[in-house]
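What follows is a short report on a single structure.
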Amino acid sequence: MSIKTMQCLTLCLVAGTAALAQEPFTVATAIRTAWRDQSGLRAGRALVEGKRDEAAGFAALKLPTLTLNAQGVRTDEPMQAFGMRLNQSRITAMDFNPASLNKPDAIMGFGGSAVVQQPLYAGGRISAAKWAGEYAAQAESASQTRREQETAMAIVEAYFGAQVAEQALLWVEDTRTWILGLEAFVGARVQQGLMLESELQRLKAVHAQVDAQKAEVVRQVRAARSGLGLLTGSAPVEAPSPRRCRRKVPRGMAQP
């Protein structure tokens with residue numbers, strides 16, 4: 001077996017595995033897709049996370065805070081230079097020379113500090129802020145749950161609405177096929193002189209009505225698919241195909 005043939009077989013196997021692994025589009029799948037991909041629900045989850053982080057920040061108000069500070073100074077100002085030498089324990093007899101005191105050499109100094117602050121009592125404001133943050137996070141989480149349930153209910157309505165639209169389209173297509181068969185049947189009888197021309201014209205009028213009805217049903221199907229795609233946060237979806245209803249045809253005609 002050639003390498004090219006093996007590559008083709010491998011690609012076919014991978015494509016078949018992916019097709020088998022694809023999840024069928026059901027109501028549960030649509031709801032899970034909406035909860036995962038819909039932009040409004042994603043924004044709601046971000047709000048919930050923000051409220052939880054805010055509540056965690058309020059809960060951390062009782063913890064001690066550490067403040068670090070570092071600085072460096074280089075100066076030749078007489079008083080500051082003398083003070084820095086004194087702080088650094090570098091004072092000598094030469095530093096009391098009037099010429100050195102009046103015009104000292106530039107000196108550098110570095111320093112740092114660390115401050116720890118621990119709140120002990122704030123009149124209940126810290127506990128109140130903590131409780132307020134927790135309650136706000138719980139309220140936002142409950143609102144997100146309500147939004148998810150409302151989205152699920154809307155998806156159920158849109159899903160079965162799309163199914164109804166698909167069934168209506170199948171019914172219109174079957175009706176159109178049935179009318180075409182009747183036109184052929186009646187046209188043959190008219191040519192044989194067994195039926196009147198008016199019967200054929202009446203069928204053609206019904207045919208035109210069915211075509212107009214089909215155009216309206218197609219519009220409804222597209223609207224239903226677009227609405228379902230909007231709710232799930234994806235592109236317009238294909239609704240699951242309902243079972244076809246077979247229509248009885250007059251005796252002597254072929255089943256379409």
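The values are calculated or read from the model by the stated rules, or taken from the named source; none is laboratory data. Just so you know, these numbers come straight off a predicted model, no measurement behind them. Using ideal geometry, Cβ is built from the backbone for each residue, glycine included, and neighbour counts are taken over all protein chains shown.
Does Gly133 satisfy the criteria of being part of a helix (DSSP H, G or I) and more than 16 Å from Ala60 (Cα to Cα)?
It is false that Gly133 is part of a helix (DSSP H, G or I) and more than 16 Å from Ala60 (Cα to Cα).
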Task: Residue among Glu183, Glu140 that alone is part of a helix (DSSP H, G or I), over 27 Å from Val221 (Cβ atoms) and acidic (Asp, Glu) - done: Glu140
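Given the criterion closer than 17 Å to Ala46 by Cβ and among the small types (Gly, Ala, Ser), identify the matching residue among Ser100, Ser143.
On the way: Ser100 fails: closer than 17 Å to Ala46 by Cβ.
Only one candidate qualifies: Ser143.
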Open item on the list: Can you find a residue that is at pLDDT below 85 and over 39 Å from the mean Cα position of the chain (by Cα) anywhere in the range 124-137?
Closed with: yes
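Test Ala55 against the criterion of being under 41 Å from the mean Cα position of the chain (by Cα), more than 30 Å from Ile126 (Cβ to Cβ) and touching a residue at least 40 places away in the same chain (Cβ under 8 Å), and give yes or no.
Values: under 41 Å from the mean Cα position of the chain (by Cα): yes; more than 30 Å from Ile126 (Cβ to Cβ): no; touching a residue at least 40 places away in the same chain (Cβ under 8 Å): yes.
So Ala55 does not fit the description; no.
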